[in-house]
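Comments concern the structure below.
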Amino acid sequence: MDDLTKILLTSSLTAIGAILVFVMGQILGKLVIEPIQDLKKTLGEIRYALVFHAQAIMTPVGDREEEDKASEALRRLACDLRSKVGAIPFYGRWRPFQAASFQLGRTLSRHPIASLAFRTPCTSQTDQIKTVCASKKSSAF
């Protein structure tokens, strides 16, 4: 091989390598980094909503309209959280984020209104509560 061929081969391989590195970086950014950043933004919004609606969440007897607003906001954010988690590839293998999500769910479940954000209308817990209430009503008479 003459010198000109070596120079052209080296420069073309360098350019192809740079293009591959750029493309891989863009793929990593779009598929992994941006969804994780969106997830963190959603977690921040949840923290904000919990602080903003703290009075409605923590007050046992309060304004029903405010409780409904808090419940709606937290349900919307819970749906956002689930959608953001679903957008992260191989999320099941990302243990630190799973721990953060689990801790958030535990924190929300301590508050009666906020826990509605993570429940579906027909859960086994709801059925158990109805059974207990029905048995207490029947035994009271």
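The values are calculated or read from the model by the stated rules, or taken from the named source; none is laboratory data. Please read these numbers as outputs of a predicted model, since none were measured by experiment. Neighbour counts are summed over all protein chains in view; Cβ atoms, including those assigned to glycine, are modelled from backbone coordinates with ideal geometry.
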Checklist line | Selection count, region 38-67, where residues are under 29 Å from ILE88 (Cβ atoms), assigned to a helix (DSSP H, G or I) and not aliphatic (A, V, I, L, M) | finding: 9
Margin query: Residue under question is ASP80, and the condition is that it be over 30 Å from GLY29 (Cα atoms) and modelled with pLDDT of 80 or more; does it hold?
Written below: no
Notebook entry, point to check: What pairs come up if the first residue lies in region 30-53 and is closer than 13 Å to ARG76 by Cβ, the second is among the aromatic types (Phe, Trp, Tyr) and loosely packed, with under 15 Cβ neighbours inside 10 Å, and their beta carbons are under 6 Å apart, counting only those six or more places apart or on different chains?
Noted result: none
Check: Of everything in region 66-90 that's farther than 15 Å from VAL51 by Cα and small (Gly, Ala, Ser), which residue is surrounded by the most Cβ atoms within 10 Å (Cβ to Cβ)?
Finding: ALA78
Margin query: Restricting to region 46-65, name every residue that is surrounded by 15 or more Cβ atoms within 10 Å (Cβ to Cβ) and modelled with pLDDT of 85 or more.
Written below: ILE46, ALA49, LEU50, HIS53, ALA56
Next item on the list: Could you grab the pairs with beta carbons closer than 7 Å, sequence gap of 6+ or different chains, first residue in region 70-90 and of a type in the set (D, E, K, R), second one part of a helix (DSSP H, G or I)?
Entry: ARG75/LEU116; ARG75/ALA117; ASP80/THR42; LYS84/PRO35; LYS84/ASP38; LYS84/LEU39; LYS84/THR42
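Determine whether PRO35 is out of contact with any Gly (no Cβ under 7 Å at 6 or more places or on another chain) and not in a helix (DSSP H, G or I). Outline the logic, then answer.
Values: out of contact with any Gly (no Cβ under 7 Å at 6 or more places or on another chain): yes; not in a helix (DSSP H, G or I): no.
No, not satisfied.
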